[in-house]
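The values are calculated or read from the model by the stated rules, or taken from the named source; none is laboratory data. Predicted, not measured: the structure shown is a model, and the values here were computed from it. Backbone-built Cβ (ideal geometry, glycine too); neighbour counts: all protein chains shown. Keep in mind that these areas ignore ligands, DNA and RNA; they rest on the heavy atoms of the full protein, side chains included. Shrake-Rupley method; radii C 1.70, N 1.55, O 1.52, S 1.80 Å.
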Amino acid sequence: MSPPNRSKQKQTLWMYVPILAMVLLVVVFTSLILKMDNSPLAIRWQQQPPPKDLSTLYDSYIMDDDGGGGELYNSHNDFHYNEVDDDMINSNGPFFDQYCQMEHPEEWMNPSDDWKSRTPYFLLIGAKKAGTTTLYTWLRHHPQIVGGIKKELLYFLPNQFDRYSEDGGKVQVSKVRQDLYRNEFPVDTTPTRHNLHAIALEATPGYALFSTLSRIPIFCSLPWVKLLMTVRDPIDRCYSNYNFYVDFQVKNRNKKKNQGLKSSQPMNRNGTVSLLWKGQHLSFEDVVELDLADLQKAGVIQNDISFEQFAGSPEEQEAWTKYQEMETAMDIRCMGRSLYVLQLLEWQRGLRELGRDPHSELLVVRNEDMKHDAQSVYEEILWWLELPPQELEVVPDKMVTTYRSPPMRPETRQRLEEFVEPYNQRLYRLLGWDETKRWNSKVVKES
């Protein structure tokens, strides 16, 4: 037997050295990349990599590897997941059967064309005068978030959506998908054309108020959509809402003056301006009284039953829907827009009707936190959207408001705080907010 050729064996071993070196290099490089970002988002992406294209991003919260029910991430509990109810989410579910009409119902969740990839993945639904313009600006600066041709498309507001419903009241989903966003989200500016990881946003603050009338067309048309809402001290928001309309009238008056036209809105003696309505000058207190009367007329405010008995009842839900449907004395709805808990309860109810988890699909942020810790709020939203973190470069200077009307009377604020406090307490319980999040707490007032 001839002795083994050791020289040949060494040559064979050396052939494997480059392969082993490449494997080792890949392992080391991957470890370094993962350690570059120790944020929760990086940890989460290590567990579940980002989708390869936009369609999987939309469907990732619904489908698992076998095509069955998947899991939802709950942003309020670290790495806590909730199962999707397949019986509720499919096109034969009770929500679809009651509210939606399609020629091909099997395409409700997964349209066969590219419509789904160029419509909103999430909506900024309000609240009005709670920082939506600032937040929209922040989000649009992220490289993986795109918007329509303007911030507020208004398309899911009740008066806009009437023509998309059949005689029986069901939403004509196919017609909406073909017509509604054809011009507002044009194909050449869609996420899939430029960035497969991008998602689309629409921001219309009025959606929050019309929580019953808008959520049905929204969920029929976009059953996968996530919801983002900003809230603000209810009294400050109401006062700012009033001043928004005053400022609008002042600008219109100045425009007429510059055009040589006569204006019917003179200033008050102290240089302030009141809201002009049907030839009358209405103070902030006047506008509040009109809206409180409308809330009482709709049955939202009850005198014959205690607040505790009425809160959360079907009768309250019915009254809130009636308030949305009625023609109010003024469309400002100053106090109604500040009753956040009644709005959120309806949006949460709609998500549950779809078999989705409200805690993971609806995120609420405070206007006050946006002012005091903008970066943290921005990171929280990006985390919720499963997008890469980014340094916020936009200065929140748009959140500074100059009021033209007379200052709010102290007795007015005290009365309104007493009115909204029971609703605020329900809101805190609904969202699980501690003392630092409560508008009447010393921590908030002193911050």
Worksheet, complete the sentence: Going through region 322-350 in order, the residues found to be under 18 Å from Arg429 (Cβ atoms) and not small (Gly, Ala, Ser) are Leu339, Tyr340, Val341, Leu342, Gln343, Leu344, Leu345, Glu346, Trp347, Gln348, Arg349
Worksheet item: Residues of region 215-228 being in contact with a Phe, Trp or Tyr (Cβ under 8 Å, 6 or more places away or on another chain) and of a type outside the set (Lys, Arg), which ones?
Response: Ile216, Pro217, Ile218, Phe219, Cys220, Ser221, Pro223, Trp224, Val225, Leu227, Leu228
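Yes/no per residue for (1) farther than 29 Å from Met109 by Cα; (2) touching a residue at least 12 places away in the same chain (Cβ under 8 Å); (3) among the small types (Gly, Ala, Ser):
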| residue | (1), (2), (3) |
| --- | --- |
| Ile305 | yes, no, no |
| Phe310 | yes, no, no |
| Pro314 | yes, no, no |
| Arg333 | yes, yes, no |
| Gln348 | no, yes, no |
| Val364 | no, yes, no |
| Asn367 | yes, yes, no |
| Leu382 | no, yes, no |
| Leu385 | no, yes, no |
Discussion item. Cβ-Cβ under 7 Å, sequence separation 6+ or interchain: first residue in region 122-133 and on the phi < 0 side of the Ramachandran plot, partner among the aromatic types (Phe, Trp, Tyr). Which pairs?
Written reply: Leu123/Tyr207; Leu124/Tyr136; Ile125/Tyr207; Ala127/Tyr340
Item to complete: For region 248-301, enumerate the residues that are closer than 13 Å to Gly336 by Cβ and either of a type in the set (S, T, N, Q) or at pLDDT below 55 (or both).
Response: Gln296
Practice prompt. Answer with yes or no whether Gln317 is closer than 16 Å to Leu213 by Cβ, touching a strand residue (DSSP E or B) at 6+ places or on another chain (Cβ under 9 Å) and either at pLDDT 95 or above or surrounded by 17 or more Cβ atoms within 10 Å (Cβ to Cβ) (or both).
Written response: no
Item to complete: Look through region 350-393, keep the residues that are of a type in the set (Gly, Ala, Ser) and more than 28 Å from Arg215 (Cβ to Cβ), and return whichever of them is most open to solvent (accessible area, probe 1.4 Å).
Response: Ser376
Discussion item. Of everything in region 307-323, what is touching an Asp or Glu at 6+ places or on another chain (Cβ under 9 Å) and under 22 Å from Ile125 (Cβ atoms)? Give them in sequence order.
Written reply: Gln317, Trp320, Thr321, Tyr323
Discussion item. Could you tell me how many of the residues in region 342-369 are among the aliphatic types (A, V, I, L, M) and more than 15 Å from the chain's Cα centre (by Cα)?
Written reply: 2
Worksheet, complete the sentence: Every listed condition ((1) more than 28 Å from Ser338 (Cα to Cα); (2) at pLDDT below 75; (3) exposed (fewer than 14 other Cβ atoms within 10 Å of the Cβ)) holds for Asp162 save (1)
Item to complete: Could you please let me know if Leu339 is of a type in the set (A, V, I, L, M) and either open to solvent by less than 10 Å² (accessible area, probe 1.4 Å) or modelled with pLDDT of 95 or more (or both)?
Response: yes
